[in-house]
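Okay, so here's the structure we're looking at.
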Amino acid sequence: MNNNPLAVAIRNAFIKNVLEKPFVENKEEAAQNTIKNILKNKRICLFEQAINRFLIASGQPPVQMSSQFADEKNLLTFSLQLSGYIRDAQKALDKLSSIHACNPALINLYRAAAKYSADCSGQIKDSKYVFREHCDYQFWKINNHDTLSNAQFINDNLHIDPKRRNLIVSMPFHIQGSQEELQKWSSKFLNDTLDNKNVFGSQVDVYLAHFPIEQPRGEKFALSLETIRNPQTYFEDVDMRFVQKYLLHFIGKDIRLDKQNRIISGTPYNAEVFKKNCQLTFLDYCAGGAHVHRWINAFSHIASQLYDRNTTNDALKNMFVISYAFLPIQKESKYSGAHFMSSFADDKMRKEPFIKMFNPELYEQSKYHHNTNAPAKITIMPDNRNYIIALNLPEDFAVYDEHNQKQALPDLENGHHMAVITRRNANSITNYPYKQFITVLENASIGYRGLNVFNKRPQGQICHPMETMAVFTLHGQQKQISPL
């Protein structure tokens, strides 16, 4: 028994949103003793059993629900909103540890929620939800001749050229693959950060990866937590398929693998060519960071069969991961990176919910503190290649709307919303988070690595971090930039 504080929030949400909701009986369906009703009872019972396994393992009493009198619309909503209940449970988040966050019982609950969501597809009257487990990533090349809201997204016969600079954007979207949806959601979260034509589209080719709308939400969170639980080697079949389809030629020539992902044939490059090929840049948001981590694990799994350990490790360090709202999950990551987060200086009962959920201890160690007037706090991970930039989230954060009027950012979620760094703060003269993020994104995309990603761009106003930021170790001691 682990006394997971999230169990209280989930149990209360189940009682409120499922058990206490009025049940409207469909007498016509109830009168039919059909296979359909048998399957309904089975899927409800399986999900209820998973809920109770998690509750009991967490020291909470089980819940009881009659599958005969269950309103599946409410139960389906519950399965889809698990992380929403956790997001809103600030008291539970305050007590959360990594042991709780990555507990197998919680991961299995998310998997059960995903299975229940998929099993309900087409089975609930008037429900338009259609879910399917184990979907492949949707992958697009972005041709952005104007702005993202007018960009063209191409997914036919994509071939990423290792000789080009390449930026792969990994987002936690569940959307349909229409041009309108891709334009809408990409511009909502990335805004104008890819609009510099002197970098993106000219020097750098830009790609977008996301899961399709059919992927159950529970599966995305189960994958993220499993990645954090097993960071060194974990990847799923969908991640390996992604790497084999789009990145295999970065590793070697004419590589063929068997069903166990073992190389049957293939020719390695020389070490310098392989290292240069690995100069990929990734930009991710929230659970998209877990996707990128698994891709690199799958990439590493293949590469380590062609190259010795030192060559593989040295090449993977050339990959650069820029994250927002997803912190490093290892002290010594295979890759390099800059990881942005936002937090209130006083975050009591206002913690950034998903970073705190995914990586509770590191969140507490690296979040912004009010004992400095600097615009951000940098934490350097022990590998001396990954930097956490914790931004001071102002109380009055606002953006400009389409009429150039100030407005509070909807769904700010205590700093989780990516627009905190991709839209200008209407109440700020310096717009430090936005400018620093743009600086890192552009520098990394054109090939800079290490502290050079922070260097001032010709068109920007951002200085080297030693000139502008307070820098702390994980032990809270202020010092100049240096490894932990």
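The values are calculated or read from the model by the stated rules, or taken from the named source; none is laboratory data. Worth saying up front: this structure is predicted, and the values here are computed from it rather than measured. With ideal geometry, Cβ positions are generated from the backbone for all residues, glycine too; neighbour counts draw on all protein chains shown. Only protein heavy atoms, including side chains, enter the accessible area calculation; ligands, DNA and RNA are left aside. Shrake-Rupley method; radii C 1.70, N 1.55, O 1.52, S 1.80 Å.
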Exposed GluC sites (Glu not before Pro) absent - longest run of the chain, DSSP non-H/G/I/E/B, at most 11 other C-beta within 10 Å: 26-394
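Quick check on the stretch 161-273: take the gyration tensor over C-alpha atoms, sort the square-rooted eigenvalues as a ≥ b ≥ c, and tell me if it's rounded (a/c under 1.5), prolate or oblate. Display every interim value, and only then the final one.
Numbers: a/c = 2.19, a/b = 1.19, b/c = 1.84.
Oblate is the answer for the stretch 161-273, as a/c is 1.5 or above yet b/c matches or exceeds a/b.
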Thr430 to Arg53: FRET efficiency via 1/(1 + (r/R0)^6), r the Cβ-Cβ distance, R0 56 Å, to the nearest 0.05? 0.65
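What trypsin sites (Lys or Arg not before Pro) does the stretch 228-275 have in DSSP loop regions with at most 12 other beta carbons within 10 Å? Intermediate values should be presented prior to the final figure.
Details: sites: Arg229, Arg241, Lys245, Lys253, Arg256, Lys259, Arg262, Lys275; in loops: Lys259, Arg262.
Filter output for the stretch 228-275: Lys259, Arg262.
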The chain, relative contact order in percent, only Cα pairs under 8 angstrom and at least six apart counted: 13 percent
Report the label-to-label distance for Gln179 and Asp126 in nanometres (one decimal), using points 7 Å from each Cα along the Cα→Cβ vector. 3.6 nm
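Take the cross-link list Lys141/Lys245; Lys141/Lys197; Lys115/Lys351; Lys16/Lys220 and give me the ones stretching past 19 Å between alpha-carbons.
Working: Lys141/Lys245 14 Å; Lys141/Lys197 15 Å; Lys115/Lys351 30 Å; Lys16/Lys220 25 Å.
Long pairs (Cα-Cα over 19 Å): Lys115/Lys351; Lys16/Lys220.
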By how many nm would the segment from His159 to Arg256 grow when fully extended, if each residue of separation counts as 0.36 nm and the alpha-carbon distance is taken off? 33.2 nm
Could you tell me how many degrees, from 0 to 90 and to the nearest 10, lie between the Cα long axis of helix 432-445 and the main elongation axis, the longest principal axis, of the Cα atoms of the chain? 70 degrees
As an exercise, use a Förster radius of 22 Å and the Cβ-Cβ distance of Asp308 and His134 to find the FRET efficiency, rounded to the nearest 0.05. 0.05
Of the residues Pro22, Ser333, Ile388, the Cα lying farthest along the dipole of the chain towards its positive end, which is defined by charges on the beta carbon of Lys, Arg, Asp and Glu, belongs to Ser333
Starting from the 7 Å offset along Cα-to-Cβ, what nm value, one decimal, do you get for the label separation of Arg350 and Asn455? 3.8 nm
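May I ask you to compute the full-extension gain from Ile99 to Asn198, defined as 0.36 nm times their residue separation minus their alpha-carbon distance, rounded to one decimal in nm? Before the final figure, lay out the partial values.
Details: separation 99, 0.36 × 99 = 35.64 nm, distance 4.58 nm.
Additional length available on full extension: 31.1 nm.
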So for the chain, taking the charge dipole from beta-carbon charges (+1 Lys/Arg, -1 Asp/Glu), which of Ala57, Asn157, Gln81 sits furthest toward the positive end? Ala57
Rolling a 1.4 angstrom probe over the protein heavy atoms, how many square angstrom per residue are accessible across the stretch 74-148? 45 Å²
List the residues whose amide H sits under 5 Å from the amide H of Leu283, counting only those 5 or more places along or on another chain, with H placed 1.01 Å from N in the peptide plane. Ile168, Val169, Ser170, Ile322
Please list, by residue number, every one of the trypsin sites (Lys or Arg not before Pro) in the stretch 276-318 that is coil in DSSP and has at most 11 other beta-carbon atoms within 10 Å. none
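At a Förster distance of 30 Å, what's the computed FRET efficiency of Ser149 paired with Glu413, Cβ-Cβ distance as r, to 0.05? Don't jump to the answer; show the numbers that get you there.
Numbers: r = 23 Å, r/R0 = 0.76.
E between Ser149 and Glu413, to the nearest 0.05, is 0.85.
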Listed values [x] 1.15; [y] 1.01; [z] 0.96, entry calculated as Cα Rg over 2.2 N^0.38 Å: [y]
Evaluate the charge dipole of the chain about its Cα centre and quote only its size in Debye, nearest 20, assuming +1 on the Cβ of each Lys and Arg and -1 on the Cβ of each Asp and Glu. 740 debye
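Hand me the trypsin sites (Lys or Arg not before Pro) from the stretch 48-119 located in a DSSP loop with no more than 14 other Cβ atoms within 10 Å, in residue order please.
Numbers: sites: Arg53, Lys73, Arg87, Lys91, Lys95, Arg111, Lys115; in loops: Lys95.
Those that pass, being in a loop and sparsely packed, are Lys95.
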When the helix-only estimate is applied to the chain (DSSP H runs of n ≥ 4, each -39,500 (n - 2.57), divided by the residue count), what is the mean residue ellipticity at 222 nm, nearest 500 deg cm²/dmol? -10500 deg cm²/dmol
With just the Cα atoms defining each centre, how far is the stretch 279-299 from the stretch 133-205? Give it in Å. 15 Å
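Ignoring ligands, DNA and RNA, what percent of the 1.4 Å accessible area of the stretch 361-455 is carbon and sulfur?
Looking at the stretch 361-455 in its full context, I get 46 percent from C and S.
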Under the Karplus curve 6.51 cos²θ - 1.76 cosθ + 1.60, θ = phi - 60°, whole-Hz ³J(HN,Hα) for the stretch 340-349, x wherever Gly or Pro sits: 8, 8, 10, 8, 5, 4, 10, 9, 4, 6
Whose amide H sits under 5 Å from the amide H of Gln81, counting only residues 5 or more places off or on another chain, with H placed in the peptide plane? none
Rounded percent of accessible protein surface that carbon and sulfur make up, the stretch 253-333, 1.4 Å probe: 43 percent
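Take the alpha carbon gyration tensor of the stretch 39-88, find the square roots of its eigenvalues, order them as a ≥ b ≥ c, and report rounded if a/c is under 1.5; if not, report prolate when a/b exceeds b/c, else oblate. Kindly include the intermediate steps, with their values, before the conclusion.
Working: a/c = 2.22, a/b = 1.21, b/c = 1.84.
Note, shape of the stretch 39-88 comes out oblate.
About the Cα centre, and with charges only on the beta carbon of Lys, Arg (+1) and Asp, Glu (-1), how big is the dipole of the stretch 78-131? Nearest 20 debye, please.
Working: 7 positive and 4 negative charges, 5 e Å.
That gives a dipole near 20 debye.
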Suppose every K and R has +1 on its Cβ and every D and E has -1 on its Cβ; what is the size of the dipole of the stretch 145-263 about the Cα centre, in Debye to the nearest 20? 380 debye
With a 22 Å threshold on alpha-carbon distance, the violating pairs from Lys36/Lys128; Lys188/Lys406; Lys188/Lys356 are Lys188/Lys356
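Can you classify the stretch 81-152 as rounded, prolate or oblate using the Cα gyration tensor, where a ≥ b ≥ c are the square roots of its eigenvalues, rounded means a/c under 1.5, and otherwise it's prolate if a/b beats b/c and oblate if not?
Values: a/c = 2.24, a/b = 1.36, b/c = 1.65.
Oblate.
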